[in-house]
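Visitor: This is the structure I have questions about; it appears just below.
Every number here is computed from the coordinates shown, using simple stated rules; none is lab data. These numbers come from a predicted model, not from an experiment. Methodologically, a virtual Cβ is constructed for each residue, glycine included, from the backbone with ideal geometry; neighbour enumeration extends over all protein chains shown.
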Amino acid sequence: MQESFIQVYPKLLQTDVAVAGLWLAHGDEPLLQQWLVDALRPHWRAKNYAIKRIELVSVKTWQEVLSELNSQSLFDDASSLIVTGNHKPDKGVITELEGFAQDAQTGAHSHSLLWLTAKQDRRSQSSKWFTPFAKYGHVIDCNLYDERQRQQLLQVQAQEFGLKLSQDAWQLLMSHTEHHLLSAYQTLWRLSYLFAAQLAKGDATSASDNVALDINDLQSALVSDAQFSVFDLSDAMLAGNSKQVAKIMFQLKATDEPTTLVLWAISKDMRQIIGLMDGQDPQSLGIWRSKQGLYQQACRRQTQAQTARWPDLLYRCDQAIKGLIRQPAWELLLQAALELSGKRLFA
């Protein structure tokens with residue numbers, strides 16, 4: 001059976017999961033493989049498995065794996081092996097693994113073997129060594145192919161932490177962590193501690209007893225001790241108050257506000273203004289009714305020719321933040337913020 005990680009992972013978080021037999025997890029996301037091990041470990045312990053790791057240093061190491069699986073401890077009901085490495089089993093080992101998997105299906109034993117390996121392409125998946133895992137075991141694709149899958153997986157983790165983020169909060173989180181899976185997960189982990197009091201008291205606002213967080217909650221958790229926030233910057237830009245924009249930008253820089261947050265605020269407002277000028281409905285763009293007047297005011301200050309330059313400016317801001325160009329990120333961010341407010345530094 002072949003499934004994606006996002007299909008398998010929620011199932012493993014349930015109780016009473018059958019774990020005997022062959023498991024193969026392949027992919028280039030080490031964090032997903034670690035989460036898989038963490039999800040399987042409680043099931044192994046509940047069934048009194050002896051857990052052991054074996055690193056494949058050569059093809060011959062598979063004999064050590066088979067020997068370990070055939071041995072029965074006097075103190076444990078079964079063994080669970082976590083095998084790492086990319087050395088493929090030979091013909092004899094393949095036959096042994098096939099028999100091992102078939103015996104697990106019939107209940108002849110309850111041993112478990114989890115092999116963590118690099119991503120396998122279609123050609124590798126058609127090889128003979130892959131057959132026992134695909135036909136009699138579990139093959140898990142530990143790769144993320146788009147941002148939707150990344151957010152879907154993080155939503156599962158957020159639920160485990162007792163959190164539920166609004167869509168705007170998710171967009172801010174992904175932008176702040178630069179779409180990095182580990183960084184986003186660590187942020188959720190910190191949020192669970194920040195809102196631990198609500199979780200302990202059960203002051204959740206969602207039907208699933210999770211603490212509901214909106215963009216303001218997330219902003220408060222991420223922002224440093226700045227006197228101004230990126231929301232103040234947004235209001236100043238939309239109102240066309242270039243002096244206030246410059247003041248806020250200098251304050252944000254002085255207090256080491258994350259440049260990713262500042263870019264997120266500027267790019268969000270720019271995209272929404274472009275959408276309004278293209279005739280899109282404010283509500284479909286997610287613009288709050290109380291701020292629609294500010295956005296309309298900002299639209300009247302711009303022309304199609306001026307907004308056409310914005311994507312390139314945002315791209316250069318992103319490059320500067322990542323250190324791909326030499327121009328300081330704060331200079332480009334200030335230029336972008338002033339452009340949105342109607343003050344152009346360069347012709």
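Visitor: Let me check against my output: what whole-number percent is the relative contact order of the chain, with C-alpha pairs under 8 Å and at least 6 apart?
Guide: Details: 452 pairs, mean separation 53.9, N = 347.
In percent, rounded to a whole number, it is 16.
Visitor: Also: Please turn the phi angles of segment 190-195 into ³J(HN,Hα) values with the Karplus equation 6.51 cos²θ - 1.76 cosθ + 1.60 (θ = phi - 60°), one per residue in order, whole Hz, x for glycine and proline.
Guide: Calculated HN-Hα couplings, in order: 5, 4, 5, 7, 5, 9 Hz.
Visitor: Name the lysines eligible as straight-distance cross-link partners of residue 52: C-alpha to C-alpha under 28 Å, and not fewer than 8 places from it in the same chain.
Guide: Of all the lysines, those that pass the test against residue 52 - Cα under 28 Å, at least 8 places apart if same chain - are 11, 60, 88, 91, 119, 128, 135.
Visitor: Please go through segment 104-167 and write out the trypsin sites (Lys or Arg not before Pro) that DSSP classes as loop and that have at most 10 other C-beta atoms within 10 Å.
Guide: Values: sites: 119, 122, 123, 128, 135, 148, 150, 164; in loops: 119.
Here no trypsin sites (Lys or Arg not before Pro) fit, given the DSSP loop and packing criteria.
Visitor: Return the aspartates and glutamates within reach of residue 291: Cα separation strictly under 16 angstrom, same-chain partners fewer than 8 residues apart disregarded; answer none if there are no such residues.
Guide: Qualifying aspartates and glutamates at Cα under 16 Å: 168, 232, 235, 269, 281.
Visitor: Related question: Tell me which lysines have Cα within less than 16 Å of residue 247's Cα, excluding those fewer than 8 residues away on the same chain?
Guide: Reachable lysines: 343.
Visitor: Sticking with this structure for a sec: Given charges of +1 on the Cβ of Lys and Arg and -1 on the Cβ of Asp and Glu, with all other atoms neutral, how large is the dipole of segment 230-341 about its Cα centre, in debye to the nearest 20? Don't skip to the answer; put the middle values down first.
Guide: Working: 13 positive and 11 negative charges, 31 e Å.
Magnitude of the dipole: close to 160 debye.
Visitor: Hey, can you grab everything whose amide H is under 5 Å from the amide H of residue 138? Only 5+ residues off in sequence or another chain; H modelled, so Pro and N-termini drop out.
Guide: 22, 23, 24
Visitor: Residues with amide H under 5 Å of residue 165's amide H, sequence separation 5 or more or different chain, H placed in the peptide plane at 1.01 Å from N; which?
Guide: For residue 165, whose amide H was placed from the backbone, the distant partners under 5 Å are 213.
Visitor: Once both axes come from the Cα atoms, what is the angle between helix 147-160 and the longest principal axis of the chain, in degrees from 0 to 90, rounded to 10?
Guide: Orientation of helix 147-160: about 70 degrees from the principal axis.
Visitor: Suppose every K and R has +1 on its Cβ and every D and E has -1 on its Cβ; what is the size of the dipole of the chain about the Cα centre, in Debye to the nearest 20? Mind dumping the intermediate values first?
Guide: On the way: 34 positive and 37 negative charges, 189 e Å.
Here the chain has a charge dipole of around 900 debye.
Visitor: Hey, another quick one. Enumerate the amide H contacts of residue 51 below 5 Å, restricted to partners 5 or more residues apart or on another chain; note that Pro and chain-start residues carry no placed amide H.
Guide: The answer is 80.
Visitor: If r is the Cβ-Cβ distance from residue 255 to residue 2 and R0 is 56 Å, what FRET efficiency results, to the nearest 0.05?
Guide: Working: r = 50 Å, r/R0 = 0.89.
The formula returns an efficiency of 0.70 here.
Visitor: Order these by the 10 Å Cβ neighbour count, fewest first: 312, 141. Before the final figure, lay out the partial values.
Guide: Working: 312 9, 141 22.
Taking fewest neighbouring Cβ atoms as first place, the list is 312, 141.
Visitor: Separate question: Which residue, chosen from 290, 69, 340, occupies the Cα position most advanced towards the positive end of the dipole of the chain, where the dipole is computed from +1 (Lys, Arg) and -1 (Asp, Glu) charges on Cβ about the Cα centre?
Guide: 340
Visitor: Once every DSSP H run of n ≥ 4 in the chain is given -39500 (n - 2.57) and the sum is divided by its residues, what mean residue ellipticity at 222 nm do you get, rounded to the nearest 500 deg cm²/dmol? Before the final figure, lay out each step's value.
Guide: Values: 18 runs with 193 residues, N = 347.
After summing the helix terms and dividing by residue count, I get -16500 deg cm²/dmol.
Visitor: Between the helical axis of 167-176 and the dominant principal axis of the chain, each derived from Cα atoms, what acute angle in degrees is found, rounded to the nearest 10?
Guide: So the inclination is approximately 80 degrees.
Visitor: Further, regarding this structure: Can you tell me which of 2-10, 23-31, 301-309 comes out highest on packing, and rank the rest after it, using the mean Cβ neighbours within 10 Å?
Guide: Values: 2-10: 16.8, 23-31: 18.8, 301-309: 12.3.
Descending packing order for the listed peptides: 23-31, 2-10, 301-309.
Visitor: So what is the relative contact order of segment 230-341, in percent, for Cα pairs below 8 Å that sit 6 or more residues apart?
Guide: 41 percent
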